[in-house]
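K.L.:
Have a look at this one before I ask anything.
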Amino acid sequence: MEKERILAQVEENAYKLRIKLGFTQRDFAHLLGVSASYVSNWENGYNEIPVAVLNKICNLGNVSFDYMLGITKKNNLDVDKLEVIDKKYLGKMLRSIRKMEGLTQEKMARKIHTYRFLISDYETGRKSIRTADLKEICETFGYSADWCVGKRGVCIRYKPVKKIEAKEVKKLISN
């Protein structure tokens, strides 16, 4: 449930950008290489935008990953445009974040509420990272998503986002 709420912001930003650029869903879909129904589905909360498609949206709208993911409110225009996201490069960046934070794959997985095998698959480039997981990693540890995907050569650090855990909410409610 938490991941769906996080992604709503990404899809909302994509919708606003589409409107700002003056594209219909059909036009936008054609430019992104997806179906119009797929665009409609993510705008209505049924699908998440994959990282590869989000990259195309960022390139098309001249916006940064950090902006689209809601990590920063200001669009950082000094990012490179990439034709495709290199899963191996991204995996290397994720592994370096994990190492800099002194975490095992298991501990990192717990911190971002996912599975250890996914962290392993992301780090080796066997699997494309879910947009929700990329956002969660960047927010939790304060790293730029643009740096992670290779759109920025220098890492920008942001203040990590403190998330309230379910047990903390119960404690707050009961007080």
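K.L.:
Considering only segment 90-108, state which residues are crowded, with 17+ Cβ neighbours inside 10 Å and touching a residue at least 40 places away in the same chain (Cβ under 8 Å).
P.N.:
Those that are crowded, with 17+ Cβ neighbours inside 10 Å and touching a residue at least 40 places away in the same chain (Cβ under 8 Å): LEU90, MET93, LEU94, ILE97.
K.L.:
Out of the residues in segment 44-59 meeting the condition of being surrounded by 18 or more Cβ atoms within 10 Å (Cβ to Cβ) and without any contact (Cβ under 8 Å) to a residue 60 or more places away in the chain, tell me which one is nearest to GLY70 (Cα to Cα).
P.N.:
ILE57
K.L.:
Also: Quick check on segment 6-13. Is at least one of its residues modelled with pLDDT under 95 and more than 21 Å from SER128 (Cβ to Cβ)?
P.N.:
Yes; the residues of segment 6-13 include at least one that is modelled with pLDDT under 95 and more than 21 Å from SER128 (Cβ to Cβ).
K.L.:
From ILE129, ILE119, ILE137, ILE173, which residue is of a type in the set (Val, Ile, Thr) and at pLDDT below 95? Break it down stepwise before answering.
P.N.:
Working: ILE129 fails: at pLDDT below 95; ILE119 fails: at pLDDT below 95; ILE137 fails: at pLDDT below 95.
That would be ILE173, the only listed residue that is of a type in the set (Val, Ile, Thr) and at pLDDT below 95.
K.L.:
Tell me the residue from ILE119, ILE137 that is surrounded by 16 or more Cβ atoms within 10 Å (Cβ to Cβ) and without any contact (Cβ under 8 Å) to a residue 40 or more places away in the chain, please. So that I can check it myself, show each step before the final result.
P.N.:
Values: ILE137 fails: without any contact (Cβ under 8 Å) to a residue 40 or more places away in the chain.
Checking each option against the conditions leaves just ILE119.
K.L.:
Checking the structure you have, find out if any residue of segment 92-99 is in contact with an Asp or Glu (Cβ under 6 Å, 6 or more places away or on another chain) and in a helix (DSSP H, G or I). Walk me through how you get there before you give the answer.
P.N.:
Taking segment 92-99 first, the residues in contact with an Asp or Glu (Cβ under 6 Å, 6 or more places away or on another chain) are 94-95.
Among the residues that remain, those that are also in a helix (DSSP H, G or I) are: 94-95.
Yes, that holds for at least one residue.
K.L.:
Sticking with this one: Can you tell me which of (1) assigned to a helix (DSSP H, G or I); (2) acidic (Asp, Glu); (3) in contact (Cβ under 8 Å) with a residue 24 or more places away in the chain is the one GLU12 doesn't meet?
P.N.:
(3)
K.L.:
Looking only at segment 68-89, decide whether some residue is assigned to a helix (DSSP H, G or I), more than 14 Å from the chain's Cα centre (by Cα), more than 26 Å from HIS30 (Cβ to Cβ) and free of Cβ contacts under 8 Å to residues at least 12 places away in the same chain. Explain how you work it out, then say what you get.
P.N.:
Step one: of segment 68-89, the residues assigned to a helix (DSSP H, G or I) are 68, 87-89.
Filter again for more than 14 Å from the chain's Cα centre (by Cα), leaving 88-89.
Restricting the remaining residues to those that are more than 26 Å from HIS30 (Cβ to Cβ) gives 88-89.
Then drop every residue that is not free of Cβ contacts under 8 Å to residues at least 12 places away in the same chain, which leaves none.
Scanning segment 68-89 turns up no residue that is assigned to a helix (DSSP H, G or I), more than 14 Å from the chain's Cα centre (by Cα), more than 26 Å from HIS30 (Cβ to Cβ) and free of Cβ contacts under 8 Å to residues at least 12 places away in the same chain.
K.L.:
Going residue by residue through segment 18-34, is there one that turns out to be loosely packed, with under 14 Cβ neighbours inside 10 Å and in contact (Cβ under 8 Å) with a residue 40 or more places away in the chain?
P.N.:
Checking segment 18-34: at least one residue is loosely packed, with under 14 Cβ neighbours inside 10 Å and in contact (Cβ under 8 Å) with a residue 40 or more places away in the chain.
The values are calculated or read from the model by the stated rules, or taken from the named source; none is laboratory data. Computed from a predicted structure; not experimentally measured. As a convention, Cβ positions derive from the backbone with ideal geometry for all residues, glycine included, and neighbour counts pool all protein chains shown.
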